[in-house]
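Contents: one structure, followed by commentary.
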Amino acid sequence: MNILKEIKTSVIVTLVLLIVCCLIYPLVVFGAGQLLFPRQANGSLVVDSSGKPIASTLLAQNFTADKYFNPRPSAAGTGYDSTSSGGSNLGATSQALHDAVKQRVSDYRKANNLPDSQVVPADAVTCSGSGLDPHISIKNAMFQLPRVAKARGLSEDDLKKLVDQYTDGRDFGILGEPGVNIVKLNLALDGKYK
């Protein structure tokens, strides 16, 4: 008899916790997100004039033409694949990582018309932990600025103002470094982001 009472109590507790943890709590979190942060809760999507999503300001995209600022390299899937987010898992002693970075440095200098002696920003040649970071350093953006300005027929001063507009500051004013969100910046350059 006593064991049946224990089983009944266990089943009741399991059902209550199932309802609280798998139904009520997720609904409260979902509702709070939709109410307080609807844009962020829905993926920080950028939509075109027809309402079709074209990007998320939280996920890098592979911009490669000269008229765009290039993102950090990506190790996510075949590159910037949000279903395969992750780093390369190559360690500091990996010859494959050393060779990849060496090639990226060479390609970066060539694409941005930099001398061989120019130190290249680390974020221009190394992948982020997720492979999807939409931010680059201000220094990286400044090295790319002349190339983009020339390709678009813009003055560097005007383009610098746009870069400043899409530069995010430190989190809470003290954490991390300022970074340029190139998804927002490149879409603004195309006139698709306001």
### Task
May I ask you to list the residues in segment 117-145 that are over 14 Å from Arg104 (Cβ atoms), polar (S, T, N, Q) and under 17 Å from the mean Cα position of the chain (by Cα)?
Ser130, Ser137
### Task
Being part of a helix (DSSP H, G or I) and of a type in the set (Gly, Ala, Ser) is the filter; apply it to segment 148-169 and report the residue that is surrounded by the fewest Cβ atoms within 10 Å (Cβ to Cβ).
Ala151
### Query
Does Asp133 satisfy the criteria of being at pLDDT 90 or above, closer than 26 Å to Val46 by Cβ and acidic (Asp, Glu)?
no
### Query
Are any of the residues in segment 90-97 more than 22 Å from the chain's Cα centre (by Cα) and in a helix (DSSP H, G or I)?
yes
### Message
Being surrounded by 11 or more Cβ atoms within 10 Å (Cβ to Cβ) and either free of Cβ contacts under 8 Å to residues at least 24 places away in the same chain or closer than 12 Å to Ser56 by Cα (or both) is the filter here; which residues of segment 170-184 pass it?
### Response
Arg170, Gly176, Asn181, Ile182, Val183, Lys184
### Message
I need every pair where a residue in segment 96-108 that is over 12 Å from Thr126 (Cα atoms) has its Cβ under 6 Å from the Cβ of a residue that is modelled with pLDDT under 90, sequence separation at least 6 or different chains.
### Response
Ala96/Leu90
### Message
Looking at Val180 and the list (1) under 29 Å from Thr78 (Cβ atoms); (2) assigned to a helix (DSSP H, G or I), which single condition is not satisfied?
### Response
(2)
### Message
Residues to consider are Val28, Val119; find the one that is under 29 Å from Leu154 (Cα atoms) and of a type in the set (A, V, I, L, M).
### Response
Val119
### Query
Which of (1) farther than 30 Å from Asn186 by Cα; (2) small (Gly, Ala, Ser); (3) within 13 Å of the chain's Cα centre (by Cα) is the odd one out, the single condition Ser85 does not satisfy?
(1)
### Task
Return yes when Val120 is assigned to a helix (DSSP H, G or I), surrounded by 14 or more Cβ atoms within 10 Å (Cβ to Cβ) and of a type in the set (A, V, I, L, M) and no when it is not.
no
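The values are calculated or read from the model by the stated rules, or taken from the named source; none is laboratory data. Just so it is clear, the model here is predicted, and its values are computed rather than measured. Glycine gets a Cβ as well: all are built from the backbone with ideal geometry, and neighbour counts include every protein chain shown.
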